[in-house]
Amino acid sequence: MKEFTASVIKEFRHIFRDRRTILIAMVMPVVQIILFGFAVSTEVNDVRVAVCGDLVDPAVRNVVDRIDNNRYLRVSGSLSSPSEITGVFRRNEADVAVCFGRNFGGNLAPSGHAQVRIIGDGSDPNTAQMITGYIKGVIQSEQTDAEVAFAGERKASMVPVVQLMYNPAMKSSYNFVPGVMGLILMLICTMMTAVSIVREKETGTLELLLVSPVKPLWIMLSKMIPYLVLSAVNFATILLLSHYVMEVPVNGSLLLLCFAALVFVVTSLALGLLISVISPNQRTALLICGMGLTMPTMIFSGIIFPCESMPEVLQWFSDIIPAKWFIIIVKKIMIQGTGLVSAAKEMTILAGMAALLLAVSVKSFRTRLQ
């Protein structure tokens, strides 16, 4: 045990002596969670709306006011005819145009048919779809009010009531923050441990480990424990930023969330140790972590694209990405407020991955000792 304690203390000293490791371990997670949390968003804000129609008409004026009072929309100007829409889009002066038909207010009366067109800039299809959705929502509200006003003269149409559980405001941070937490923890943890054993090779101190009485398993654990402590600090920082800066709630058990993070961090550290054992130098280890893990984690963990919509073969591949299971756990605990029973499957898979990766790392390191 004395030898194991000495190895842990030595690893701590290596960490605090290397400024690059401190930068990766303590500064990068804070920068990444802030950048990803604010930059990665499906919401479209400050949409510029060009209006074409008779603004003297009270009915038109009501719809325009509703658009201008919407938190995502802003009336940027009025057009005299629909032929000006193309020029407005080409000059990047508006994101969408709303054209009201002739005698719009008069056609809102019973048995009338008020026409309104929404013209979006289809050069960015996803954004255009979201923007037109905002406008349709505003017009639907105005239509509902008009039907209520004429309820005594005609039957109002059926208007569906949509309710979104857990995220009624449709904040994109509820979806991206758990994914970013998993991405950052996995990349930082693997990068930190991936250079631990390789560094011993390059500095020539690996021979001291080979002749020491410490067994391979304890050597691996001594490499892992200091980074486990730093990862705990990282997780606490990320969680505080997510809750108080990104305004993502923690509806479930905080203790269970911390335990899930501990299992995931151990899995990521074990993966980093395996990379460190098989890599010939630090540059190769960092390349494997940076290029070999970043893209697969972003694509196949469900951060951007739902895993259920992928081909079945790619769904199988996504199952071996540890971040996928951690992201599911975080969403269940933080957003849905569920307990251990609901997240038991994902926790078991992560624990199995951690045990397997650690066992393979120890066996590979032992092979190098022979």
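The values are calculated or read from the model by the stated rules, or taken from the named source; none is laboratory data. Since the structure is predicted, the reported quantities are computational estimates derived from the model, not experimental observations. Backbone-built Cβ (ideal geometry, glycine too); neighbour counts: all protein chains shown. Ligands, DNA and RNA are excluded from the accessible area calculation, which covers all protein heavy atoms including side chains. Shrake-Rupley method; radii C 1.70, N 1.55, O 1.52, S 1.80 Å.
Find how much the distance from residue 258 to residue 92 grows on full extension, using 0.36 nm per residue of separation minus their present alpha carbon separation; answer in nm with one decimal.
Stretched fully, the residue 258-residue 92 segment lengthens by 55.1 nm.
On the protein heavy atoms, probe 1.4 angstrom, tell me the percent of accessible surface of region 231-370 carried by carbon and sulfur. All intermediate terms of the calculation are to be shown ahead of the outcome.
Numbers: 4750 of 6720 Å².
On region 231-370, the fraction of accessible area on carbon and sulfur atoms equals 71 percent.
Between residue 295 and residue 9, what length comes free when the chain is fully extended (0.36 nm per residue of separation minus the Cα-Cα distance, one decimal in nm)?
That pair, residue 295 and residue 9, stretches by 99.5 nm at full extension.
Restricting to Cα atoms and excluding each atom paired with itself, what does the Kirkwood estimate give for region 267-309 in Å? Spell out each step's value before the answer.
Details: mean 1/r = 0.0876 Å⁻¹.
Taking every pair of different Cα atoms in region 267-309, averaging 1/r and inverting gives 11.4 Å.
By its C-alpha gyration tensor, with a ≥ b ≥ c as the square roots of the eigenvalues, how is region 209-345 shaped: rounded for a/c under 1.5, else prolate for a/b larger than b/c, else oblate?
Oblate, because a/c is 1.5 or more while a/b does not exceed b/c.
Which residues among region 65-81 fall inside the zone where the amide N is under 19 Å from a point 7 Å beyond the Cα of residue 56, along Cα→Cβ?
65, 78-81
In whole Hz, what ³J(HN,Hα) sequence does region 85-99 give by Karplus (6.51, -1.76, 1.60; θ = phi - 60°), x for Gly and Pro?
5, 4, x, 5, 5, 5, 7, 6, 9, 7, 9, 7, 10, 10, 10
Checking the a/c ratio against 1.5 first, then a/b against b/c, what shape does the Cα gyration tensor give for region 285-370?
Oblate.
Residue 50's amide H: which non-local residues (gap 5+, or another chain) put their own amide H closer than 5 Å, with H modeled 1.01 Å from N in plane and none for Pro or chain starts?
Here the answer is 76, 95, 96, 97, 98, since their amide H atoms fall under 5 Å of that of residue 50.
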